[in-house]
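Step one of this worksheet: look at the structure below.
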Amino acid sequence: DPHSFPTRRSSDLWNGKARLVDLEARQLAETRCYETFLPESTLNVGGREVEIVSLISREDYYAGKPFTNTAQVSARPTTVVEPTPKQVPSFQPLKRKSGDIEGSTRNKAIKVEDGGSPGAAPAKNFYGQSLKQEFKSPVIASTVVPQGKQGVPTPRHDPHAPGALVMKRPRDCPKGKQIVDVVVDPLLSKKLRPHQREGVKFLYECVMELRDYGGQGALLADEMGLGKTLQSIALIWTLLKQNPISGSGGVIKKVLVVCPVTLIDNWKKEFRSWLGNINIGVMVADGKMKLTDFTHGASYSVLIVGYERMRGIADELDKGSGIDLVIVDEGHRLKKENNKAAQAIKGLSTLRKIILSGTPLQNDLTEFFVMVDFLNPALLGSANSFKKNFEVPILRSRQPSASERERELGEARQAELSEMTQQFILRRTAEVQAHFLPQKTEFVVFCKPTTAQAQIYEEVLESPAFMGALNGYKAAQAQALGLINILRKVCNSPKLLLPSKKKSAPKRVGEDVEDAVEGISEERLRAPLLATSTKMRVLDGLLKTIAEDPHNTKEKVVIVSNFTATLDLLQKQIGRAHV
């Protein structure tokens with residue numbers, strides 16, 4: 001199906017122009033070009049990023065061999081045409097890891113070479129390797145099942161293949177239509193872990209109204225690290241390309257992803273990582289792109305937008321063909337009733353909404369209602385009705401003074417609410433993939449303080465502030481937590497007792513260390529970090545060992561501290577040590 005998987009294409013150079021053609025030899029775009037292209041080079045043709053896979057001869061191109069599935073391109077040696085001088089290169093060499101070509105889903109192209117005699121030597125790349133290659137059909141093309149006999153619906157992918165992920169069939173079928181299996185693309189399904197396969201099924205059944213709760217919204221509340229983004233991308237790709245009703249085209253055409261600004265680049269990279277940057281058009285609403293290219297054009301199927309910008313473009317998004325699916329990442333931000341981003345999303349005409357959140361819902365029933373009402377409006381009635389029929393009875397039943405009848409009523413309402421909402425709320429913890437990960441090992445290391453550190457610790461304990469707290473003075477007792485924090489700082493490093501240079505930072509109760517450090521000279525507090533702190537010595541040695549060990553060069557280290565000032569000290573120390 002060349003229209004659904006436009007990855008196998010050819011380009012030819014003629015009279016200073018590069019032309020991009022599809023499997024049916026129809027010209028898609030062209031651009032001016034006078035460059036020499038080698039395999040793994042890239043070229044932008046009509047807004048499409050094209051990667052050169054191999055070189056073929058003019059004879060083979062004109063014979064139409066690149067446009068057939070079985071024909072092999074001749075292995076006649078080719079010569080590279082030298083570029084016209086003083087032309088600005090229109091491509092950049094593509095940096096890739098070995099083995100990436102076959103698994104890539106980017107546009108593949110073949111350059112047609114002019115001239116070249118049968119006796120000419122094969123072209124060489126920068127490493128002296130021969131460029132003589134045969135045309136290889138991209139792997140992605142082999143995942144599509146050839147169409148069967150006319151009138152018999154054929155799934156896009158083989159539902160009987162080993163490991164096939166087949167979606168649930170709809171209950172009803174329009175008159176005159178036939179139901180066909182919806183199968184997740186094997187390029188994605190073979191990479192999904194068991195819990196992710198179940199997650200994709202769950203999301204599909206929710207948005208396709210195959211579950212008995214009267215809505216099309218879903219909440220995927222998996223813990224961080226379980227692949228909520230990948231599950232969403234698998235669902236998006238499936239709905240864009242397939243439909244359980246044969247001959248009806250994709251279920252959706254336009255997808256909106258709303259997320260914090262800090263996650264926009266991550267979403268874009270994930271789409272490219274799993275689907276490539278050609279198979280699916282992804283636009284970021286960053287002010288540089290015309291929104292009409294998404295709402296009225298056919299090039300982009302997915303729009304990624306931050307929460308803040310969402311409020312300003314909601315009205316324009318409903319123009320054109322509208323939004324068919326909304327995915328909200330970090331959706332726990334929408335728990336407040338007056339959330340403007342939530343109101344903007346609710347104003348869209350789409351009913352298919354998915355919230356992704358690693359934060360479980362708390363016991364606040366008002367926030368719970370806001371979340372459910374966002375996903376499936378009117379499912380729980382109005383806010384007042386929910387409060388009267390669910391929130392008040394449930395909260396009343398939890399009171400120690402509740403009567404037997406009130407407890408019974410509250411428990412029944414809570415059970416009903418749980419049964420109703422578990423149809424579209426899925427929560428898994430990290431335990432579901434524990435057997436995929438290496439065994440976790442934890443070490444607790446006790447570090448004996450240095451002599452200087454112990455002396456400063458004792459002097460702080462003998463300070464007027466601590467003596468007052470120990471003797472029961474109310475003023476000092478009120479600052480007890482702050483005084484304890486002072487001792488914690490000494491355990492990390494006496495340097496943390498130095499006055500803060502941030503003049504604008506307001507002082508908190510218990511944070512004033514003037515009385516606690518009275519009598520301790522600044523010179524002692526300013527001593528070198530490793531000279532006065534055993535914990536810092538241990539950490540410094542550990543980091544150096546990890547960095548210098550040739551077997552652990554790829555190891556990543558995360559350092560966590562309750563004090564940002566401690567992290568500042570570590571940053572300076574690590575920078576000096578060049579770790």
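The values are calculated or read from the model by the stated rules, or taken from the named source; none is laboratory data. Since we're looking at a predicted model, the values are computed, not measured. Note: ideal-geometry Cβ built from the backbone for every residue, glycine included; neighbour counts use all protein chains shown. The protein model used for the area step is the full one, side chains on, heavy atoms only, and it has no ligands, DNA or RNA in it. Shrake-Rupley method; radii C 1.70, N 1.55, O 1.52, S 1.80 Å.
Filter region 294-314 down to residues that are open to solvent by 30 Å² or more (accessible area, probe 1.4 Å) and not small (Gly, Ala, Ser) and give me whichever is modelled with the lowest pLDDT. I'd like the intermediate steps shown before the answer.
Here is the first cut: in region 294-314, the ones open to solvent by 30 Å² or more (accessible area, probe 1.4 Å) are 296, 298-300, 308-309, 311-312.
Keeping just the survivors that are not small (Gly, Ala, Ser) gives 296, 300, 308-309, 311.
On the way: His296: 87, Tyr300: 88, Glu308: 84, Arg309: 86, Arg311: 81.
That would be Arg311.
In this structure, does Glu442 turn out to be charged (D, E, K, R) and either surrounded by 11 or more Cβ atoms within 10 Å (Cβ to Cβ) or within 24 Å of Ser357 (Cβ to Cβ) (or both)? Working first, answer last.
Working: charged (D, E, K, R): yes; either surrounded by 11 or more Cβ atoms within 10 Å (Cβ to Cβ) or within 24 Å of Ser357 (Cβ to Cβ) (or both): no.
Considered against the rule, which asks whether it is charged (D, E, K, R) and either surrounded by 11 or more Cβ atoms within 10 Å (Cβ to Cβ) or within 24 Å of Ser357 (Cβ to Cβ) (or both), Glu442 comes out as no.
Restricting to region 529-569, name every residue that is more than 17 Å from Lys489 (Cβ to Cβ) and assigned to a loop (DSSP other than H, G, I, E, B).
Listed by number, the residues that qualify are Asp549, Thr553, Lys554, Glu555, Lys556, Val557, Val558.
Among the residues of region 449-461, is any of a type outside the set (Ser, Thr, Tyr), open to solvent by 40 Å² or more (accessible area, probe 1.4 Å) and touching a helix residue (DSSP H, G or I) at 6+ places or on another chain (Cβ under 7 Å)?
Scanning region 449-461 turns up at least one residue that is of a type outside the set (Ser, Thr, Tyr), open to solvent by 40 Å² or more (accessible area, probe 1.4 Å) and touching a helix residue (DSSP H, G or I) at 6+ places or on another chain (Cβ under 7 Å).
Could you tell me how many of the residues in region 167-186 are modelled with pLDDT of 90 or more, over 23 Å from Val432 (Cβ atoms) and of a type in the set (A, V, I, L, M, F, W, C)?
The number of residues fulfilling the criteria is 4.
In region 185-205, what residues are open to solvent by 20 Å² or more (accessible area, probe 1.4 Å), part of a helix (DSSP H, G or I), closer than 18 Å to Gln242 by Cβ and of a type outside the set (Asp, Glu)?
Correct list: Pro186, Leu187, Arg197, Lys201.
Out of contact with any Lys or Arg (no Cβ under 6 Å at 6 or more places or on another chain) and in contact (Cβ under 8 Å) with a residue 40 or more places away in the chain: which single residue out of Gly225, Gly249, Gly217 fits that description?
Values: Gly249 fails: in contact (Cβ under 8 Å) with a residue 40 or more places away in the chain; Gly217 fails: out of contact with any Lys or Arg (no Cβ under 6 Å at 6 or more places or on another chain).
None of the other options fit; the residue is Gly225.
Can you list residue pairs whose Cβ atoms sit under 6 Å apart, with the first residue in region 467-489 being under 15 Å from Asn562 (Cα atoms) and at pLDDT below 70 and the second being part of a helix (DSSP H, G or I) and hydroxyl-bearing (Ser, Thr, Tyr)? Count only pairs 6 or more apart in sequence or on different chains.
Close Cβ pairs (under 6 Å, with a partner that is part of a helix (DSSP H, G or I) and hydroxyl-bearing (Ser, Thr, Tyr)) do not exist here.
Restricting to region 305-336, give me the number of residues that are assigned to a helix (DSSP H, G or I) and either over 20 Å from the mean Cα position of the chain (by Cα) or closer than 15 Å to Met283 by Cβ (or both). Don't jump to the end; show me each part of the working.
Let us first name the residues in region 305-336 that are assigned to a helix (DSSP H, G or I), namely 307-317, 331-334.
Keeping just the survivors that are either over 20 Å from the mean Cα position of the chain (by Cα) or closer than 15 Å to Met283 by Cβ (or both) gives 309-317.
The number of residues fulfilling the criteria is 9.
Tell me which helices (runs of 4 or more DSSP H) are completely within region 360-416 and hold 2 or more residues being closer than 30 Å to Leu325 by Cβ, or say none if there are none.
Numbers: elements: 365-375, 383-386, 392-397.
Per the criteria, 365-375, 383-386.
For region 355-412, which residues satisfy the criterion of being of a type in the set (Val, Ile, Thr) and over 30 Å from Thr229 (Cα atoms)?
Of everything in region 355-412, those that are of a type in the set (Val, Ile, Thr) and over 30 Å from Thr229 (Cα atoms) turn out to be Val392, Ile394.
Considering region 208-233 alone, what residues qualify as being open to solvent by less than 30 Å² (accessible area, probe 1.4 Å) and part of a loop (DSSP other than H, G, I, E, B)?
Leu210, Tyr213, Gly215, Gln216, Ala221, Asp222, Leu226, Gly227, listed by residue number.
Output the residues belonging to region 166-179 that are out of contact with any helix residue (DSSP H, G or I) (no Cβ under 7 Å at 6 or more places or on another chain) and closer than 17 Å to Trp237 by Cβ. Walk me through how you get there before you give the answer.
Start the filter on region 166-179 by keeping residues that are out of contact with any helix residue (DSSP H, G or I) (no Cβ under 7 Å at 6 or more places or on another chain), which leaves 166, 169-179.
Answer for region 166-179, where residues must be out of contact with any helix residue (DSSP H, G or I) (no Cβ under 7 Å at 6 or more places or on another chain) and closer than 17 Å to Trp237 by Cβ: just Val166.
Look through Gly519, Gly575 and report the one residue that is within 21 Å of Leu483 (Cα to Cα), open to solvent by less than 80 Å² (accessible area, probe 1.4 Å) and either modelled with pLDDT under 75 or hydroxyl-bearing (Ser, Thr, Tyr) (or both).
Every option except Gly519 fails the conditions.
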